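Here the structure is laid out as structure tokens; the discussion comes afterwards.
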Amino acid sequence: MPQVLALTIGLCGGLAAYFSGLPLPWMLGPMVANTVAAMLRAPIAGPDRLRPYVIPVIGVMLGSGVSADVLGLLGSWLITLLLLPLFLICAAAISYTVYRRLGRYDPVTAFYSAMPGGINEMLILGAAAGGDERRIALAHAARVLIIIVFVALFFGLVLGVTSGGRGAAQWIGLYQITALDYVILGICAVLGALLGKWLGLPAAPIFGPMILSGVAHVAGWVTVAPPTVFVIAAQVTIGTIIGTRFVGATLREVRTDIGLSAVASLLMLVAAVGFAELIVIISGIPLAQAFLAFSPGGLTEMSLLTLAMGQDVAYVSVMHIIRITMVIALAPFLFTLTRSRKG
């Protein structure tokens, strides 16, 4: 079965990355291994059916990082919220220039390839506007992959953070969670996803469970994080899905899209560092957290990366939810405005 083969390759890639001492091995390993397998035309397919089950679990994991101390820091997030729209404009303009001028993409494809929003939403909007669906999909898949690799390697090789590797933090076993803990965390996952969808929350499958889990942990109803094996399973699944997005693409397409995305992503990360430094100067938020909040990867992937790196999950996750929501809401308007001006 293609999905089982992809997960097997992902697990092997994760093990190889883990024993090699790479940062964030359980996500990077499956990503790279399945990308290579896709290029070699292996009969693999993404385990997308697992995503609706994995995402709420990730939300619960993220919520376990919320504490009462975090709630007292909400006021310091204002500077980040004010600078976020400026960063998005800057990042989108840089990325658009790369795809339009260097990649020679048509204006519609370049615009929706450049927007740092969710891959599914940008693909739908771009296709509706007449863009090249395949190129838009590959551009965003490459962006997410490259951003995660760049950020993880920066934390691991520059900052010396090797969370998830052999020197990683404490292992939480299945037996360390009581039956009541499992029940509460399970309710947070299921009820959070349903309530999030019913209330129309952005990124409802992850944000709803995260909120309920955060409330449960702050209230003291549950005081433990989910077992480490769940964290690893979630990362392997997400990493495998990212890697298999390149299935069916030719080597030339992947080489071109990854090359363009590498240039655009690196420039966006440089801009992210600049804005993060401003936040550090103005509000005193640690550089690592501000940098993660502005790194334009996927919400789920960046949240898992934040959790693995031991940073403020609530702060980073909320900023990414707001970023993606803003891009989805404003991209069609900006595209229409830009086209009308050119016309």
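The values are calculated or read from the model by the stated rules, or taken from the named source; none is laboratory data. Quick caveat: nothing in here was measured; it's all calculated off a predicted structure. Cβ: placed from backbone, ideal geometry, glycine included. Neighbour counts: every protein chain shown.
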If you check LEU199, LEU174, LEU185, which single one turns out to be within 25 Å of LEU7 (Cβ to Cβ) and surrounded by fewer than 14 Cβ atoms within 10 Å (Cβ to Cβ)? LEU174
Considering only residues of the stretch 268-289 that are out of contact with any Ser or Thr (no Cβ under 7 Å at 6 or more places or on another chain), in contact (Cβ under 8 Å) with a residue 12 or more places away in the chain and of a type in the set (A, V, I, L, M), which is nearest to VAL316 (Cα to Cα)? ALA288
State which residue is modelled with the highest pLDDT when the search covers only the stretch 286-322 and only residues that are in a loop (DSSP other than H, G, I, E, B) and surrounded by fewer than 20 Cβ atoms within 10 Å (Cβ to Cβ). PRO286
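Consider SER283 carefully, then state whether it is more than 20 Å from VAL231 (Cα to Cα) and of a type in the set (S, T, N, Q). Quick ask: steps written out before the conclusion?
Numbers: more than 20 Å from VAL231 (Cα to Cα): yes; of a type in the set (S, T, N, Q): yes.
Answer is yes for this residue.
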Among the residues of the stretch 196-245, which ones are of a type in the set (Gly, Ala, Ser), closer than 25 Å to ILE172 by Cα and either touching a residue at least 24 places away in the same chain (Cβ under 8 Å) or not in a helix (DSSP H, G or I) (or both)? GLY208, SER213, GLY214, ALA216, GLY220, ALA225, ALA233, ALA234, GLY239
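Pick from GLY274, GLY243, GLY248: which is buried (at least 24 other Cβ atoms within 10 Å of the Cβ) and either among the small types (Gly, Ala, Ser) or within 30 Å of GLN176 (Cβ to Cβ) (or both)? First the steps, then the outcome.
Values: GLY274 fails: buried (at least 24 other Cβ atoms within 10 Å of the Cβ); GLY248 fails: buried (at least 24 other Cβ atoms within 10 Å of the Cβ).
Unique residue meeting the criteria: GLY243.
Restricted to the stretch 1-35, and to residues that are hydroxyl-bearing (Ser, Thr, Tyr) and without any contact (Cβ under 8 Å) to a residue 40 or more places away in the chain, which residue is surrounded by the most Cβ atoms within 10 Å (Cβ to Cβ)? Can you show your working first?
Keep residues of the stretch 1-35 that are hydroxyl-bearing (Ser, Thr, Tyr), which gives 8, 18, 20, 35.
Now narrow it down to the ones that are without any contact (Cβ under 8 Å) to a residue 40 or more places away in the chain: 8, 20.
On the way: THR8: 14, SER20: 12.
Once the filter is applied, the top-ranked residue is THR8.
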Which numbered condition trips up VAL263, out of (1) assigned to a helix (DSSP H, G or I); (2) surrounded by 15 or more Cβ atoms within 10 Å (Cβ to Cβ); (3) modelled with pLDDT under 80? (3)
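Matching residues to (1) assigned to a helix (DSSP H, G or I); (2) under 27 Å from ALA293 (Cα atoms); (3) hydroxyl-bearing (Ser, Thr, Tyr):
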site	(1), (2), (3)
TYR105	no, no, yes
ALA110	yes, yes, no
PRO116	no, yes, no
GLU121	yes, yes, no
GLY131	no, no, no
